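Quick notes on the structure that follows.
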Amino acid sequence: MQCSKKATKAGRIVTGSKFLSFDKITSLLGRLVSFDTVSRNSNMQLIDFLRAYLADLGVASHLVPNEDGSKANLYATIGPNIPGGVVLSGHTDVVPIDNQDWTVPPFELTKKQDRYYGRGTCDMKGFVAIACAAVPAMLEKSLSKPIHLAFSYDEEIGCVGAPDMIKEIVSTLPPIDAVIVGEPTNMQVANMHKGILGARTHICGLEAHSSQTHRGVSANTYAARLITFIDDINREFMANPHDDLKLEPPHSTINVGLINGGIAANIIARDCDFTFDFRSVPHDNVDETLERIQTYAETLEAEMKQSFEGASINLDIRRVPGLNSTDNDRAAQLCMRLAGKNDTIGVPYGTEAGQFQQAGYSTVVCGPGSIDQAHKPDEYIEIEQLKLGAQFVDRLIDDLAD
Ligand SMILES: [Zn+2]
């Protein structure tokens, strides 16, 4: 154990991993990329593949399916089922490729120079492939503490899948020392990200001919007023940055990303839908901000109802908690040591890490690849990043080995 700690000092040149075969990682990555697990599709083929792969190695896995069984989370334990140990966590779904200009087949692994291309290579099937390729080594080294694998669905549409799995992990597994969510951080250790509150807003007014504005209630006009109110809050955030935050930008943000209202230029719009996405820093009280928006929405709704009793404004809210822990937390300490880093970072995107932390686990985000390549056409991961990821898991195995 002592030697492995010496070997994890910063600045070590990547010489490949002791236990993991790079070919195994890339062949698994190829399989994972070949499953079109865009969030709107089922992920069951991929899950069945991983389940069979683990079963072949003698590792039992547990499924936590969604309501209609079309998707599932999968978790498994390697090593003794005792307190301590680590969770390696990843999501199996990917973002769509629609209307993106790909020059390589998105659902095939393509190697070009020092990169592997394909949807999900970076976000985040690369990490899942490394974790799975490491299972034989985990078994061989006879771990003194367990390594749990936890793979979710529907992360990309608001971290919808993981909560049920996390609940089951909390209730069925012994206490766990650290959770590592392998989203792309270039193998830096991230212990802070914003919380996300996503809202779908539906405004229902009264349609009439466009010349009869005294007879109709325009959903579009009321949407515009509510959106302006929300944007004013965003301007308040921008005017008050928090210099102590390692996040860019160092303040909360609210953005209205989608608006869809009305059906014709000469009809007063009956319906208008819009979404807003609120990314909060720890300094800001999410509930207070939401209450400001809801109170204003109620004021507008009351005004609409004066003209038309059936008018309404409804907000459908979905939340993903932020991640906020200190450099002294177990997960941060462990990962800084394994990754050879002396400090931590904050990341601008949301992950399932906040959900694990909320469930009581010491959690960080640390994985191969750069978020700059995620969600884009010709998504890729550098071979160097895959190797660094493999080295990281190697060291973890060393660390937990008897
Ligand atoms: Zn991701």
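The values are calculated or read from the model by the stated rules, or taken from the named source; none is laboratory data. The shown structure was predicted, so the numbers you read here are calculated from the model rather than taken from an experiment. With ideal geometry, Cβ positions are generated from the backbone for all residues, glycine too; neighbour counts draw on all protein chains shown.
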* Which one of Arg270, Arg330 is surrounded by 13 or more Cβ atoms within 10 Å (Cβ to Cβ) and assigned by TED's automatic domain parsing to the domain that holds Gly346? -> Arg330
* Asked: Could we say that Gln385 is over 30 Å from Pro105 (Cβ atoms) and assigned by TED's automatic domain parsing to the domain that holds Arg119 here?
  -> no
* To do: Scan the range 91-111 residue by residue and report those that are in contact with a helix residue (DSSP H, G or I) (Cβ under 7 Å, 6 or more places away or on another chain) and either over 23 Å from Thr185 (Cβ atoms) or more than 16 Å from the ligand (Cβ to nearest atom) (or both).
  => Phe107, Glu108, Leu109
* Asked: Within the range 113-132, how many residues turn out to be touching a residue at least 24 places away in the same chain (Cβ under 8 Å) and surrounded by fewer than 24 Cβ atoms within 10 Å (Cβ to Cβ)?
  -> 3
* Structure fact -> Note on Arg51: of the conditions (1) modelled with pLDDT under 95; (2) basic (Lys, Arg); (3) farther than 20 Å from Val393 by Cα, unmet is (1)
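Taking the conditions exactly as written (in contact (Cβ under 8 Å) with a residue 40 or more places away in the chain and surrounded by 23 or more Cβ atoms within 10 Å (Cβ to Cβ)), does Ile196 satisfy them or not?
Values: in contact (Cβ under 8 Å) with a residue 40 or more places away in the chain: yes; surrounded by 23 or more Cβ atoms within 10 Å (Cβ to Cβ): no.
Answer is no for this residue.
Among the residues of the range 205-225, is there at least one that is within 17 Å of Thr299 (Cβ to Cβ) and surrounded by fewer than 18 Cβ atoms within 10 Å (Cβ to Cβ)?
First pass over the range 205-225, keeping only residues within 17 Å of Thr299 (Cβ to Cβ): 205, 217-219, 221-225.
After this cut, where a residue has to be surrounded by fewer than 18 Cβ atoms within 10 Å (Cβ to Cβ) as well, the list is 224-225.
Yes: one or more hits.
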* To do: With a cut-off of at least 2 residues that are within 16 Å of the ligand (Cβ to nearest atom), over 13 Å from the mean Cα position of the chain (by Cα) and acidic (Asp, Glu), name the strands (runs of 3 or more DSSP E) lying wholly within the range 112-199.
  => none
* Structure fact -> Given the conditions (1) on the phi > 0 side of the Ramachandran plot; (2) in contact with a Lys or Arg (Cβ under 8 Å, 6 or more places away or on another chain); (3) at pLDDT 95 or above, every one holds for Gly120 apart from (2)
